[in-house]
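Structure first, then comments.
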Amino acid sequence: MGARIRLKRFGTKKRPYYRIVVMDSRAPRDGKALEELGYYHPIEQKEKQVRLDVDKTKAWLAKGATASDTVHRLLNKQAITTS
């Protein structure tokens, strides 16, 4: 099983928000998550867009979880190294 840190979509049409979650890489986008790490609201103000539990994220990255491209960009903005 390959763990992947990725986004899980919520919200309505044209008003999305996402939870940053750890999931099995084979699971569907809105399937059951192993753990929730934070959220991403692309419509909010810049300061309120991303909330992330840094300790949990670093622990999952240390365990070998890989981040999706979008989550990788969000982690770089939060100054969290993914390699």
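Values in this text are rule-based calculations from the coordinates and carry no lab data. Just so you know, these numbers come straight off a predicted model, no measurement behind them. Using ideal geometry, Cβ is built from the backbone for each residue, glycine included, and neighbour counts are taken over all protein chains shown.
Let me have the 222 nm mean residue ellipticity of the chain computed from DSSP H runs of 4+ only, each contributing -39500 (n - 2.57), with the sum over all residues rounded to the nearest 500.
When only DSSP H runs of four or more count, the value is -6000 deg cm²/dmol.
Based on the mean of other Cβ atoms within 10 Å per residue, sort peptides 38-48, 56-66 so the most packed one is first.
56-66, 38-48
Give the label of the value calculated from the structure for Rg/Rh (Cα atoms, Kirkwood Rh), choosing from [x] 1.09; [y] 0.95; [z] 1.03.
[y]
Under the 0.36 nm per residue contour assumption, what length would be gained going from the current alpha-carbon distance of Arg15 and Lys56 to full extension?
12.0 nm
Determine the relative contact order of the chain: mean sequence separation of Cα pairs under 8 Å and six or more apart, normalised by residue count, in whole percent.
27 percent
Stretched out fully, how many nm does the piece from Asn76 to Gln49 gain, at 0.36 nm a residue minus the Cα gap?
8.3 nm
Charges at C-beta only: +1 for Lys and Arg, -1 for Asp and Glu. How large is the resulting dipole of the chain about its Cα centre, in Debye rounded to 20?
For the chain, the charge dipole is close to 340 debye.
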